[in-house]
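Taking it in order: structure first as structure tokens, then the write-up.
The values are calculated or read from the model by the stated rules, or taken from the named source; none is laboratory data. Computed from a predicted model, the values in this text were never measured in an experiment. Counting neighbours? That spans all protein chains shown, and the Cβs are built from the backbone with ideal geometry, glycine included. Just so you know, the surface numbers come from the protein's heavy atoms only, side chains and all, with ligands and any DNA or RNA stripped out. Shrake-Rupley method; radii C 1.70, N 1.55, O 1.52, S 1.80 Å.
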Amino acid sequence: MFLEDILDVVYKDRSPPSATSCRSTHLPSSPPAQYLSIPRTHSPSTVRFISSLTHAMDIPIEVFVDVIEHVLGVVKLGNVLVILPSWSDMVQLRDALVKQSIFNKKTILILLHATLTSSVVLKAFNLPNTRKVFLSTSIVESSICVPDVTCVIDSGVDELWVHQDSNTAQFQKSWISKQSVVYRTNLFSSKSDVQHICVRMYTQSGYRLFAEHSQPEIKRVLLDHICLQTQCFSFDPFQVLQWCPNRPLERSIKLAMDHLQKIGAITEAGVTSLGSRMGLLSIPTKLSRMLVMGTLFQCIQPTLTIAAQLLTQTSCFHPFSSSISVCEVNGTEHTDILEQGEVDSVMSFADGLGSVLLAFVVVFEAWQTSIFSNTSRLFCANHNLSQSYLTVIASIRQQLQLMMIDVGLLPRGCDGNHRTNRKSNNMEMLRVVLTSSLYPKIAYVKTATSVPELITCDGQSVQCNLSADNFWRHRWFGYWTEPVNLELSPRSVSMVSPLGLALFGQTVLWCDQFLSIDNWANICASQNIADGIRLIREAIFTVLSEIFDLTGLGEWCVSTELSQHHSKLDTLADEIEVLVQEIVKHAEV
């Protein structure tokens, strides 16, 4: 049953809702008109509704609500599975559904997501004498088997990471393949004596335009980490990736190689000492670089927290929204864990830091302290935080730390008192480390109005709607998601350090009391500050080379020679800390 068929049935005696309101984000450009083409044999109201849609993927939430109510009335037994592209779509539909009278003790609403745990799933699935409406993403195709399904409502849309021309990644909605359509259609219960219904929320003419198979991941994702690992084994990425059955474009490989050169992972001569260690960490290169710098600048523990946050965001959920609840029943988490708070709740911990990421570092450390006093649940309740999400972050941090120990970046038994953590309480040092990950995705504030205007490194003018005025007392910000409609999400920007720009930019020139970074960013600096930055830029890669070449793979060496280099590392970190204080005090746009 396609969209036009279900509309004929549901709206037989009434008009469908307005199709003018757009609910979705990350939509691709307008699809061909055939996606919204239906035969005139359908009812006039159905024809008018479909022709008035602004985008074939953007079916109003009210239609989903009406369809769910209809199938619950028609199919008296079994559970209903609604497959949506993203958590944000699930939350919107949940908020609309809970207002209806169809949900009670006999019929409940359950949200499923990639972050749920087996205990939560079992507790929700095994509720006795209840009929369940499951809202889920595409994880039902690979990770979860939903029981007793008699009705599948398929949006036909998925949300995937795609790589852009600028070698950055962002979510974008796309139609699923015909292969996925067949799989989703067969998600029913195996009981043959029960009526089954499959509702496809797209037109039959649109279905004919679907691709036969999904696009291979290697043609969507960023290639910088793959290229770096290939270089680490002394192979040419251009040759190796051309051997792939679904080989990526040569231009995509070149963009990845250019990015690796920008961040100092490779040179024309080959892989650098920094790149060789980055290649051993099985995470995105921006995060591996940040972890290496966190070790070098001796603030590794908070750096691990930031890396864990950014990793969870690339796993399709965000730490600061109601989208973090891993499994909800009738709008509340079935595990008695409170919903995640909004950004303002977290930012109250660190007023003036100008970064959701840095604010969360403060929150996470406070939560860890509350665990030792057995007050963690009360802490989360008082501050509107999700205990489940904080636990996920703690687990990812531990995995990252073990990974760094295995490749010799950290010693075994490393804790908060180790030398790699001497500067962890210095937020400006941490801001420098964060800059190493976000660069060159940097923007400066051109006009600090109610909706500030930012200029990115490629000259693009974007806006970012933030309510906190003190957020803009600084001029430089990094961002980790691409602008949508020339607007950056407030949750994806972070104040960065001018020193970080000077340390991690490709070219830095001093002229007439200004540092020019990559012919774009100009920072006021004295001759002494400029000389200090030049010496530290040289010292960073010297120390990296000396220490990492002496560090045995899989073990942190404790030889006398390495201890001497650790002393150099301590001195370097102290010098950077002094320079941070100077440049924060004197530097300005």
Problem - Flag for Thr314 being hydroxyl-bearing (Ser, Thr, Tyr), modelled with pLDDT of 50 or more and under 30 Å from Val432 (Cα atoms) - result: no
Practice task
Kindly check whether there is at least one residue in the stretch 263-270 that is buried (at least 17 other Cβ atoms within 10 Å of the Cβ) and modelled with pLDDT under 85.
Solution key: yes
Problem - Tyr202 vs. criteria at pLDDT 85 or above and either exposed (fewer than 15 other Cβ atoms within 10 Å of the Cβ) or out of contact with any Gly (no Cβ under 6 Å at 6 or more places or on another chain) (or both) - result: no
Problem - Scan of the stretch 1-34 for residues that are hydroxyl-bearing (Ser, Thr, Tyr), surrounded by 18 or more Cβ atoms within 10 Å (Cβ to Cβ) and at pLDDT below 65, ordered by number - result: Ser24
Practice task
Scan the stretch 352-405 for residues that are buried (at least 19 other Cβ atoms within 10 Å of the Cβ) and on the phi > 0 side of the Ramachandran plot and jot them down.
Solution key: Gly354
Fill in the blank from the handout: Restricted to the stretch 48-60 and to residues being open to solvent by less than 20 Å² (accessible area, probe 1.4 Å) and part of a helix (DSSP H, G or I), the residue nearest to Val157 (Cα to Cα) is Ile50
Exercise for the section: Could you check Arg208 against (1) surrounded by 13 or more Cβ atoms within 10 Å (Cβ to Cβ); (2) basic (Lys, Arg); (3) within 30 Å of Val80 (Cα to Cα) and say which number it fails? Expected result: (1)
Practice task
Could you tell me which of the residues Leu287, Leu274, Leu281 is buried (at least 20 other Cβ atoms within 10 Å of the Cβ), touching a residue at least 40 places away in the same chain (Cβ under 8 Å) and part of a loop (DSSP other than H, G, I, E, B)?
Solution key: Leu281
Exercise for the section: Please identify the pairs in which a residue from the stretch 387-398 that is under 11 Å from Ala308 (Cβ atoms) has its Cβ atom under 7 Å from the Cβ atom of a residue that is outside any helix (DSSP H, G or I), counting only partners at least 6 apart or on another chain. Expected result: Tyr389/Pro319; Tyr389/Gln340; Val392/Thr115
Practice task
Return the residue satisfying two criteria in turn: it lies in the stretch 73-88 and is in a helix (DSSP H, G or I) and touching a Ser or Thr at 6+ places or on another chain (Cβ under 7 Å), and of such residues it is least open to solvent (accessible area, probe 1.4 Å).
Solution key: Trp87
Practice task
Quick one: which helices (runs of 4 or more DSSP H) lie wholly within the stretch 331-414 and hold at least 1 residues that are at pLDDT 85 or above, closer than 30 Å to Arg475 by Cα and not β-branched (Val, Ile, Thr)?
Solution key: 356-372
Exercise for the section: Within the stretch 211-250, track down each residue that is touching a residue at least 60 places away in the same chain (Cβ under 8 Å) and surrounded by fewer than 19 Cβ atoms within 10 Å (Cβ to Cβ). Expected result: Arg220, Val221
